[in-house]
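S.K.: Got a structure for you, questions after.
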Amino acid sequence: MTQAIEHLNPDTLSAFIDGELPDGEQEAIQQHLTGCPACALSVLSATKLKAATARAGRRFAPPPETLARLTAQLHREPRGNARIHSIRRVAWASLAAVMVLAVSLIGWRQLHETNTLAAELLDQHLATLSSAATPQVISTDRHTVKPWFQGRLPFSFNLPDAKALPPDTTLKGADLTYLKGQPAALLLFTIHKHEVSVFLTQRFGGPSITALPGTRSGFTIHSATTQDLSIVAVSDVNPADLDALVATLVQAQSPS
Amino acid sequence: MFRSEALLGVPIQFRGSIQRETLDNMVSASRSANFEQLALPLLPSLYNHAFWLTRNHAEAEDLVQETFSKALRAFDSFQADTNFKGWIFRILRNTFFTSRSGIAASRTVFLEDHPHALDTTDTSPTPEDNLIRLDNQAALQTALEQLEPPLREALLLCDVEEVKYKDIALILDIPIGTVMSRISRARRALRQLLQPQLGESQ
């Protein structure tokens, strides 16, 4: 099909202006256009329509809040979801935890957002369970965990010695996280095989923890403040054990 | 990025024991960072397209959000040499069609080769007229809104997102020939829809 190009039919013309025809055909049309003003005008018009469509179709920009939320999601998401694949650490989430998670997630979603901080805390706690996630620092040693936060947090905190922790309570690791946009240390403990997330933030400038509910969707939320820190612990372990851990952490902050 | 620094804060004597985990983390971290790098520039496009699908700001945001979650989870299956934009738009679209409004939208039957649309279009109003009325953005926007959604979707992917036909075919899960005819039909329909406005303005 060299010489005998007819006037362009609409489909061909459309594909031509999109540059979607095979090379040979594209060239043949170009040749035809040089000798056919009618087709050349149609191409010009179609190109204008394409440009105008591009402009008219690009009209819904995300409002600034939406843009901020979605950007934040992209930034934050890796810690939760990306590591679902590491099945290696299944031990982190027992079957029971997954079931609790499933049930509580359903229930939790139905709750109104009466307290967004509580929701965020629980969300992050669930993320540590659900993703079978390995924290950024994996260590039971406070001398490893604490220095890791240096330069990553605008504040410092003390960790109790392993022997000072309540019975059957183990430090598993730590992560850097954000609560209400404020940097926080996330310490991961287990108490009798129950996972515990402990969030440490600056008391002033950090999120206010005074109005936190004591429980949410079956999880216990206990909080305490020290001179400089807010400490919030989330877990499904029994409240007394959780209290003991929080108390130990509070104690560790006061210089002895 | 951040995660890959994880080793730096750890005293040497601990590195050996955690290196395996850390390496895994670093791999997944670089994947996540990679995902962020690829997805972030597409945010406005995905949102715009989501809005065209949902016609609602809240739903568009939810749709993009869910798309990101799903895409990140499936990122392992994404092959580096394929088109990321096409891949994530496909996820966006599939997510939409499993949402409530998406299911409702998919109930509308779309006839691939609507004879009516084919016959009545004739590109013969004088091309000069075409050039004039295409400057009317408001009219074009109204016309775009009136397009049948499957036509509009193909056209927007082509003209706004500048996706190639073969990738549009993957996104919409239709043969490439159908992509070509939908885009062509969409353009003819637009011209037709713009016609009355031309009449009024003259």
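Values in this text are rule-based calculations from the coordinates and carry no lab data. Bear in mind the structure is a predicted one, so any value in this text is a computation, not a measurement. Reconstructed Cβ throughout: ideal geometry from the backbone, glycine too, with neighbour counts over all protein chains shown.
S.K.: Want the number for B:THR82 to B:HIS57: 0.36 nm per residue separation, take away the alpha-carbon distance, what's left?
M.R.: 6.0 nm
S.K.: While we're here: Using 7 Å Cα-to-Cβ label points, what is the A:ARG76/A:ASN238 separation (nm, one decimal)?
M.R.: A separation of 3.4 nm, rounded to one decimal place.
S.K.: Additional query: Where Lys and Arg each count +1 and Asp and Glu each count -1, what net charge lies around A:THR190 among other residues with Cβ under 9 Å from its Cβ?
M.R.: So the surrounding residues net to 0.
S.K.: Can you pull the mean other chain C-beta count within 10 Å for peptide A:43-51?
M.R.: Mean shielding by partner chains, rounded to a whole number: 5.
S.K.: If you don't mind, another one. Summing +1 for each Lys or Arg and -1 for each Asp or Glu, what net charge is found among the other residues whose Cβ lies under 9 Å from the Cβ of A:ASP168?
M.R.: 0
S.K.: Another question about this same structure. Distance between Cα centroids, segment B:65-106 to segment A:10-45: provide it in whole Å.
M.R.: Cα centroid to Cα centroid, the span is 34 Å.
S.K.: Given R₀ = 51 Å, what would the calculated FRET efficiency be for A:ASP141 paired with B:LYS70, taking r from the Cβ atoms and rounding to 0.05?
M.R.: After rounding to 0.05, the efficiency reads 0.85.
S.K.: How about B:LYS70: which lysines have a C-alpha closer than 17 Å to its C-alpha, ignoring those fewer than 8 places off in the same chain?
M.R.: Straight-distance partners of B:LYS70: B:LYS85.
S.K.: Shifting gears a bit: Could you put A:GLU120, B:GLU61, A:GLU27 in order, starting from the residue whose Cβ has the fewest other Cβ atoms within 10 Å?
M.R.: Fewest-to-most ranking of A:GLU120, B:GLU61, A:GLU27: A:GLU27, A:GLU120, B:GLU61.
S.K.: Where Lys and Arg each count +1 and Asp and Glu each count -1, what net charge lies around A:SER208 among other residues with Cβ under 14 Å from its Cβ? Numbers along the way, then the final one.
M.R.: On the way: positive: A:LYS180, A:ARG203; negative: A:GLU120.
Charge balance near A:SER208 sits at +1.
S.K.: Pop a pseudo-label 7 angstrom from the Cα along the beta-carbon direction at both B:SER101 and A:ASP11 and give the gap in nm to one decimal.
M.R.: Modelled inter-label distance: 3.3 nm.
S.K.: OK, next. Taking the Cβ of each residue in A:HIS222, B:HIS49 as the centre, tally the other Cβ atoms inside 10 Å and list the residues starting with the fewest. Don't jump to the answer; show the numbers that get you there.
M.R.: Working: A:HIS222 21, B:HIS49 28.
With the fewest neighbours first, A:HIS222, B:HIS49 line up as A:HIS222, B:HIS49.
S.K.: So, one more: What does a probe at A:GLN251 reach in segment A:145-160, counting residues whose amide N is under 17 Å from the point 7 Å along Cα→Cβ?
M.R.: Within reach of a label on A:GLN251, which here means backbone N under 17 Å from a point 7 Å along Cα→Cβ, segment A:145-160 contributes A:158-160.
S.K.: Sort B:ILE103, B:ILE168 so the one with the fewest other Cβ atoms within 10 Å of its own Cβ comes first.
M.R.: B:ILE103, B:ILE168
S.K.: Return the FRET efficiency for the residue pair B:PHE110, A:THR116: r is the Cβ-Cβ distance, R0 is 41 Å, and the value is rounded to the nearest 0.05.
M.R.: Numbers: r = 42 Å, r/R0 = 1.01.
Step by step, r from the Cβ atoms, then E = 0.50.
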